[in-house]
Structures are given as structure tokens and as C-alpha cells.
Amino acid sequence: MPRTFHLAALAIPLVLLAACVDHGPRNGQVVKRGTKALPAADTSDEQIQRLNIRARKMPLLTAQAPMGGVTVRYLDDDRKPHKDNVDGRLWVQQHFDAHPPTADVVFYGRISGQEILQAGKNDKTWWCILHPNGNHAWTGDVKRLSADGAAQSTILRADRVLDVLAITLIEPDPSVKITLDCTPDRKANRLQFRRLTPSGGSQPPTPILEREILIDRASGQPTDVTLFQPDGQPLVHARLDTYRPVDFDNPGDAPPDGESPLMPHHVILDYPAAKSSIEMNFNDVSVPRKINPAVFETPDWDDLDIKPEILQ
């Protein structure tokens with residue numbers, strides 16, 4: 001029987017422990033290093049500042065994974081495991097001046113030049129299209145999450161790819177509590193983002209964990225990012241490694257400080273609910289001179305002769 005993709009599978013992307021506890025801004029105090037091997041522990045504000053400096057160096061981004069550089073593992077309708085290798089390409093365009101800052105993204109997957117996956121997001125809409133075994137598509141408002149948690153856990157939302165790559169700006173949000181501590185092995189800083197959800201009556205808001213970023217204390221680079229469902233179950237977990245400098249197509253666009261940002265060239269996205277994963281091996285990550293805005297336009301469903309399932 002024909003195979004379908006359950007992820008909409010392709011749908012698919014120390015020192016003392018106290019030294020890693022966030023005590024808030026230090027007003028210029030010098031932080032003592034616990035060991036020479038590890039950098040100083042940061043407050044959440046300092047850690048976010050580092051991530052934001054990196055993000056601002058990449059207003060545009062394109063990454064390619066040719067020659068079957070994207071491996072998709074998934075279960076078919078009979079729960080049998082499968083693996084497919086596809087060529088992949090990612091485009092990102094950030095809008096730093098928007099309030100709050102936003103970013104557009106689109107990812108294409110192809111086999112032998114034929115498109116089998118498109119996942120994108122602009123300022124209004126996200127979408128995911130699967131072409132094998134007939135055309136299937138899902139779309140929705142970027143500002144809303146579907147009430148159907150099961151559906152959301154099996155579909156690649158392009159805006160979540162940005163979240164798990166940790167390359168977009170993190171801005172203050174009064175409805176989100178951000179904390180920083182150390183992992184148990186004390187080798188990584190752990191940033192956690194909890195949305196303050198009304199509890200009803202006079203009860204204080206309930207903090208619901210939405211996102212967690214682990215930053216290696218030796219290198220300063222994110223190594224793991226997890227997004228969570230409202231019930232606390234992991235939605236998607238990203239493993240990030242093989243960091244290399246980003247190229248700039250126009251040397252004039254390179255950072256004035258001369259420090260090119262580093263990006264992971266090996267990314268694994270695990271979707272535990274769907275028992276599926278996407279592994280991406282990029283060989284070319286660069287900041288292009290420009291990206292055609294049409295790349296990020298919402299698909300014309302009539303032109304594609306596809307009726308997407310709307311998740312709201």
C-alpha cells in the first residue's frame with residue numbers, strides 16, 4: 001500500500017552549581033571563572049544578549065544539504081519504519097525592526113529534482129505541503145496553535161524550525177518568564193522559557209514550560225533545543241553540532257567586528273510523539289546578498305490544486 005508520512009514525517013525543523021543560577025543583572029560586576037576550561041556563568045540577560053548578537057549578524061540566511069543530505073525516518077500506516085534521503089534547502093529572512101521581531105522561513109525537500117516537501121512561514125501564515133502519494137497540505141495562523149495537540153506534534157511548522165535553531169531574536173515578553181541554571185553535569189547553561197498562563201480567580205499565573213535551550217559553556221554554542229506541548233510533553237527536540245563560520249556572499253555585509261557567526265552544519269530534529277526524525281547535513285551556509293521575497297509568499301492553493309487542512 002502507498003506510504004504516507006506520519007511526521008507528516010517529512011512534514012516535515014564546573015564550577016559550583018550556584019555559579020549557574022540566574023541572580024539577575026549584575027550591574028557590571030565581574031564574574032569569576034570556576035575553571036579555565038569553562039567560560040564564566042551568565043545571567044539570563046547576558047546569555048540572551050550573546051544569542052541575539054549572533055542572530056543580528058544573520059538578517060538573511062540560506063543553507064543547502066545536497067546529495068541526499070537530509071535523512072527522514074518515519075513510520076508508515078502499518079507502523080513500519082522507513083528512511084528516505086532528500087536534498088534540502090533552507091531560506092531565512094529576519095525582520096529585526098518589527099514589534100515583536102519576526103522572521104520568514106521556507107524549507108524545500110527534493111528527490112532527483114522533484115519537490116516532495118515544502119514548509120514555510122511568513123508574518124501571517126505557516127504551511128506544510130507533502131507531494132508523495134498525492135498532495136497533502138496543512139496551514140494555519142502563525143500566532144495560534146491548534147487545539148489538536150496530536151496534529152501539531154506530527155506536522156513540521158517552519159516557525160518551529162526557527163525556534164529550534166535558536167537563530168532569531170529573543171525579546172522581553174512580560175508573559176514569559178526566563179530562567180537560567182546549569183545542567184546536572186554542569187557543562188551547559190540551560191535557558192528555560194515559561195509562559196505565564198492565567199490560573200483563574202485570584203490564583204497567580206501558572207508558568208508553563210514552552211522552550212529550553214542548552215548552551216555549551218566551553219564553546220558558547222547552543223547544542224540542544226526542546227519545544228514542549230502545553231501538557232509538558234516534548235514536541236520536538238533539536239540536536240545541533242558541527243559549528244562552522246557562516247559565509248557572506250557580499251564581503252561588505254560581514255560583521256564589523258570581524259567575527260563571523262557560527263551555525264550548526266549538522267542538525268537532528270526528533271519528533272517523539274510521531275517516532276520520526278529529520279537529520280540535516282548542510283555543506284553550505286551563507287548570508288546571501290538578497291532573497292527574492294516571493295520565496296516566502298503563501299502558496300496559491302488553487303493554482304496547486306490542493307485543499308489544505310486548516311489547523312487553528
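Any read-out appearing in this document is the output of simple, stated calculations on the displayed coordinates, not a laboratory observation. Worth saying up front: this structure is predicted, and the values here are computed from it rather than measured. Ideal geometry is used to build each Cβ from the backbone, glycine not excepted, and the neighbour counts take in all protein chains shown.
Potential lengthening of the chain between residue 266 and residue 254 amounts to 2.0 nm, from the contour at 0.36 nm per residue minus the alpha-carbon distance.
Note that the range 91-104 has calculated 3J(HN,Hα) couplings of 10, 9, 10, 9, 10, 5, 8, 6, 10, x, x, 10, 8, 9 Hz, one per residue in order, obtained from phi through the Karplus relation 6.51 cos²θ - 1.76 cosθ + 1.60 (θ = phi - 60°); glycine and proline are x.
Please go through the range 193-291 and write out the GluC sites (Glu not before Pro) that DSSP classes as loop and that have at most 12 other C-beta atoms within 10 Å. Sparse-neighbourhood loop GluC sites (Glu not before Pro): 259. Extending 7 Å from Cα along the Cβ direction at residue 111 and again at residue 197 yields two label points whose distance is 3.8 nm.
With 0.36 nm allotted per residue and the present C-alpha distance subtracted, the residue 187-residue 83 stretch has 34.1 nm of extension available. Using the Cβ-Cβ distance between residue 292 and residue 124 with R0 set to 22 Å, the FRET efficiency works out to roughly 0.75.
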